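The structure appears right after this line, and notes come after that.
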Amino acid sequence: MGNDLEMVENEFAVSVSDDKAALLAALGQDGVSENRQSGPATLRINYDADTEDGHTLKRGTWKIWNGSENVYSDSVVINPMARTYQYSIFDQEEGQIICRSMQRRKMTDRFEDDRGGVKCGRLTRKEEEELDEDDPRLLLSKSVTCNLIIYGQLDMPDSVNAAGEASPVKDLPFVGYFKRSGFRPMNDFIKQKLGNSIPLPTALIEIKTKRMANGGVTYWIPQPSLVKEVSLTPERKELCQKFLDTIAASNSMLMSDHKESLKQIMPNEDIDLANRLAG
């Protein structure tokens, strides 16, 4: 079955093809039904009411760093290049992610994590129901977030900065983490509207937000819609390849962390067994 590290490195180490079927397979869309910062700017929904220097902000708008300042817009048009899934745990007290899994194409894949486990301890619903409410395994599972990650480029022609001044964005590389209430709208859209017929790099998608309320909690969810299909230009192929290479490199490093963590928590014979199962 081959070495698991090689498998991880090769999963996203593919060439972007003009062939539609091959491209869908490379992006994990071939079977959509399943039995300040480094890197690209992060697209997120703004929940701040104002800035530290006193500017009033509109909550529920899209927010992204354009290279020099944060800009905001009611809608964004994205041209996605890749879609992955990943499990993670964010520690509120430490203010950082303390566990992160591999990025995979499909939810049915195996998600080794950097702690030496799988899915950062996330259990299935059935497994959770079989545990007592105070079981540490259940508490850990509840703390794990499943992320739908989208890499691509975006336009925000009507975006403004915090002062309300026009600051349009065009062809900006980005990454978006859609989780919790934002997970299903984006995941369902990709499955149902794009499916296995429209490769991500050939779709222009407008995303607005919808205000929701649950008791005293107000939140916003993404509302995507297909604008149109576009051709797979050499520029789009090149950007798509760069994102796939980035994902492959990230997974390779995380698999190394996974193996190192295994050495700390498991006897050698169990490590060998785990590696064979992962392979």
(request) May I ask for the net charge around ALA49, where only other residues with Cβ less than 14 Å from the Cβ of ALA49 are counted and Lys, Arg are +1 while Asp, Glu are -1? (result) -1
(request) Would you please state the base-10 log of I(q)/I(0) at q = 0.13, 0.17, 0.20 1/Å for segment 76-129, with intensities from the Debye formula using one equal scatterer on every alpha carbon? (result) -0.42, -0.66, -0.81
(request) List the cysteines in the chain whose Cβ has no other cysteine Cβ under 4.7 Å from it. (result) CYS146, CYS240
(request) Enumerate the calculated ³J(HN,Hα) couplings along segment 157-173 in order (Karplus 6.51 cos²θ - 1.76 cosθ + 1.60, θ = phi - 60°), each rounded to whole Hz, writing x wherever the residue is Gly or Pro. (result) x, 10, 6, 10, 7, 4, 7, x, 7, 4, 8, x, 10, 9, 6, 8, x
(message) Can you show me the helix-derived [θ] at 222 nm for the chain, built from DSSP H runs with n ≥ 4 at -39,500 (n - 2.57) apiece and divided by the number of residues, rounded to the nearest 500.
(response) -8500 deg cm²/dmol
(message) Taking the square root of 5 times each eigenvalue of the Cα gyration tensor, what semi-axes in Å does the equivalent ellipsoid of the chain have, largest first?
(response) 32, 25, 18
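None of the figures in this text is laboratory data; all of them are computed from the coordinates on show. Just so you know, these numbers come straight off a predicted model, no measurement behind them. Ideal geometry is used to build each Cβ from the backbone, glycine not excepted, and the neighbour counts take in all protein chains shown.
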